[in-house]
Every structure is written in C-alpha cells, then in structure tokens.
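Chemist: This is the structure, below, for whatever I ask next.
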Amino acid sequence: MSAFRKLSETMLASPQIDLVDVAAAKAAGVTLIINNRPDGEDLSAPQGDEIAAAAAAAGLAYVAIPIGHAGFSEPQVDALNAALDANPGVALGYCRSGTRSTLLWALAQAKRGMAPDTIAAAAAQAGYDISPVRPMVDMLAAR
C-alpha cells in the first residue's frame, strides 16, 4: 500500500498507487484521485485507465494531469486548480514518487496566493522538497 502524505487538509501526495490503494484512499476520505504520471512511463505500474476504472467503481472522481520530462506548465497548474475547485473533499495526487504531484500542488497553491514559505514548509513536513520549482512558486505567488 502506498504511503499517503498530507500536504494540506484537502491534498495528499503519494508514490505510484496500485488498484488496491484506491479503496485505501476512499477509506482515508479521498474523493478525487489525480494522476500526474504519463501513461507508459512504467509499463509494470497500473496505467491511467485502470486507476480511473477503479476510482469510478469506488465512487471517486479521477483526473489525469500528466507531467513528463518537459516539466511543468501553467495549463497544468490551472488544471490542478480547476480539479481542486470542483472537488468538495480531499484529493490524492500520485506519480512515481509523489514529487511531481507535490511540486504541481506547490505551484497551484502559489497561484492561489499562498505564501511560498508556507508551501515549502507543508511540502517538507510531508517529506518533499520544492526547491526545483521554488523560483516559479515565488513568481506565481508575487502575481
């Protein structure tokens, strides 16, 4: 079972989840699963359509916002904010290690106006380092 790490009251991050983790996510109060891993990145891991089907069967919403080697874009940040706005409960973002999910969450929170140091502290508490995107976090928060 994956370790769900708390970024905020409404956001968790996780390494790659398995189909059985969908039930664990629901039991943990998750109402939305966010897949930040591109299909085909690891063929031994469940692909997006498998997780989407398991989420639907469990009564959970699902959205894919894949983040590949090209990095992050503002449309991805906007897509995450839209998904979070539409979700009345707790969201679980996952990727290979949880890092991309956390970094995207950090960017989205900065665009919403959260203080960069608050974002960095929340990510660090969950075991993630936002320094790879800290300049972007600072820029989005300053807008």
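The values are calculated or read from the model by the stated rules, or taken from the named source; none is laboratory data. Bear in mind the structure is a predicted one, so any value in this text is a computation, not a measurement. In this analysis, Cβ positions are derived from the backbone assuming ideal geometry, glycine residues included, and neighbour counts consider all displayed protein chains.
Chemist: From the list Ala108, Ala13, pick out the single residue that is touching a residue at least 40 places away in the same chain (Cβ under 8 Å), buried (at least 19 other Cβ atoms within 10 Å of the Cβ) and closer than 22 Å to Leu140 by Cα.
Modeler: After applying the criteria, what remains is Ala13.
Chemist: Moving on. Among the candidates Gly93, Gly71, Gly40, which residue alone is modelled with pLDDT under 95 and closer than 21 Å to Arg112 by Cα?
Modeler: Criteria check complete, one pass: Gly71.
Condition check ((1) out of contact with any strand residue (DSSP E or B) (no Cβ under 7 Å at 6 or more places or on another chain); (2) farther than 12 Å from Tyr94 by Cβ; (3) surrounded by fewer than 16 Cβ atoms within 10 Å (Cβ to Cβ); (4) not small (Gly, Ala, Ser)) across all residues:
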position	(1), (2), (3), (4)
Asp18	yes, no, yes, yes
Gly29	no, yes, yes, no
Ile34	no, no, no, yes
Pro46	yes, no, no, yes
Ala55	no, no, no, no
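Chemist: Right, Arg96: part of a helix (DSSP H, G or I), basic (Lys, Arg) and within 17 Å of the chain's Cα centre (by Cα) or not?
Modeler: Taking the combined requirement at face value, the residue does not satisfy it.
Chemist: Of everything in the stretch 57-81, what is touching a residue at least 60 places away in the same chain (Cβ under 8 Å) and within 14 Å of Cys95 (Cα to Cα)? Give them in sequence order.
Modeler: Phe72, the sole residue that qualifies.
Chemist: Hey, Pro88 hits all of (1) over 22 Å from Gln16 (Cβ atoms); (2) at pLDDT 95 or above but one; which does it fall short on?
Modeler: Only one criterion in (1) over 22 Å from Gln16 (Cβ atoms); (2) at pLDDT 95 or above is unmet by Pro88, namely (2).
Chemist: Right, Leu84: in contact (Cβ under 8 Å) with a residue 24 or more places away in the chain, in a helix (DSSP H, G or I), of a type outside the set (Val, Ile, Thr) and within 28 Å of Ala142 (Cβ to Cβ) or not?
Modeler: yes
Chemist: Check the stretch 100-110 and report whether any residue there is part of a helix (DSSP H, G or I) and either touching a Lys or Arg at 6+ places or on another chain (Cβ under 7 Å) or among the basic types (Lys, Arg) (or both).
Modeler: Yes, the stretch 100-110 contains a residue that is part of a helix (DSSP H, G or I) and either touching a Lys or Arg at 6+ places or on another chain (Cβ under 7 Å) or among the basic types (Lys, Arg) (or both).
Chemist: Restricting to the stretch 1-59, give me the number of residues that are among the acidic types (Asp, Glu) and part of a loop (DSSP other than H, G, I, E, B).
Modeler: Qualifying residue count, the stretch 1-59: 5.
Chemist: Hey, does the stretch 112-127 have a residue that's out of contact with any strand residue (DSSP E or B) (no Cβ under 7 Å at 6 or more places or on another chain), in a loop (DSSP other than H, G, I, E, B) and under 21 Å from Pro15 (Cβ atoms)? Lay out the reasoning, then the answer.
Modeler: Filtering the stretch 112-127 for residues out of contact with any strand residue (DSSP E or B) (no Cβ under 7 Å at 6 or more places or on another chain) gives 112-121, 124-125.
Right, trim to in a loop (DSSP other than H, G, I, E, B) and you get 113-115.
If we keep only those that are under 21 Å from Pro15 (Cβ atoms) as well, we get none.
Checked the stretch 112-127: no residue is out of contact with any strand residue (DSSP E or B) (no Cβ under 7 Å at 6 or more places or on another chain), in a loop (DSSP other than H, G, I, E, B) and under 21 Å from Pro15 (Cβ atoms).
Chemist: Then there's this: Can you name the condition, by its number, that Val137 falls short on among (1) assigned to a helix (DSSP H, G or I); (2) in contact with a Pro (Cβ under 7 Å, 6 or more places away or on another chain); (3) closer than 15 Å to Lys6 by Cα?
Modeler: (3)
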